[in-house]
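Worksheet: one structure, shown below.
Read-outs throughout are calculated quantities, based only on the coordinates presented, and are distinct from any laboratory measurement. What you see is a predicted model; the values in this text were computed from it and never measured. Every residue, glycine as well, gets a Cβ built from its backbone with ideal geometry; the counts of neighbours run over all protein chains shown.
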Amino acid sequence: MKTVIRDHAASYADPVVLNAGDPIRLTGEKEVWDGHAWLWAEGPDGKAGWVPDTIVQSSHGKLYARHDYSAMELTCFEGETLSIAMETHGWAWCRSADGRQGWVPLRNLAQREP
């Protein structure tokens, strides 16, 4: 469990969602965020967004999603307690007390005091 120490607002209302094996098209945009590489990618449905560089797999000259991934961010507010399912690239996949889920930057979270 972690506590939100700084509000976070989701950047995109309808983010890119990929299933393992989905073809990915990279635009060439790359950003380093808190020391981690993010790539701007388009999924098979045409939705685009930032994906961690580790999700991209190359096979026979084509790019694919290595595993399932959703770029859904979680809007949350200072003082909220969130449960963490996983962390990657400076972000945590979180669940709020009311069941909402999404990514929150680790810099916006602190370990909850017992």
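A cut-off of 5 Å between modelled amide H atoms, ignoring neighbours fewer than 5 places along the same chain, links residue 109 with 5. Of the options (1) 51, 27, 21; (2) 52, 26, 24; (3) 35, 31, 21, only one is Cα extents along the principal axes in Å as computed from these coordinates, and that is (1). As an exercise, use a Förster radius of 22 Å and the Cβ-Cβ distance of residue 31 and residue 64 to find the FRET efficiency, rounded to the nearest 0.05. Efficiency at R0 = 22 Å is approximately 0.55. Each of 51, 56 has some number of other Cβ atoms within 10 Å of its Cβ, and from fewest to most they run 56, 51.
For residue 62, the lysines whose Cα falls under 29 Å of its own Cα, not counting residues fewer than eight places away in the same chain, are 30, 47. Each other residue within a Cβ distance under 15 Å of residue 23 adds +1 if Lys or Arg and -1 if Asp or Glu, for a net charge of 0.
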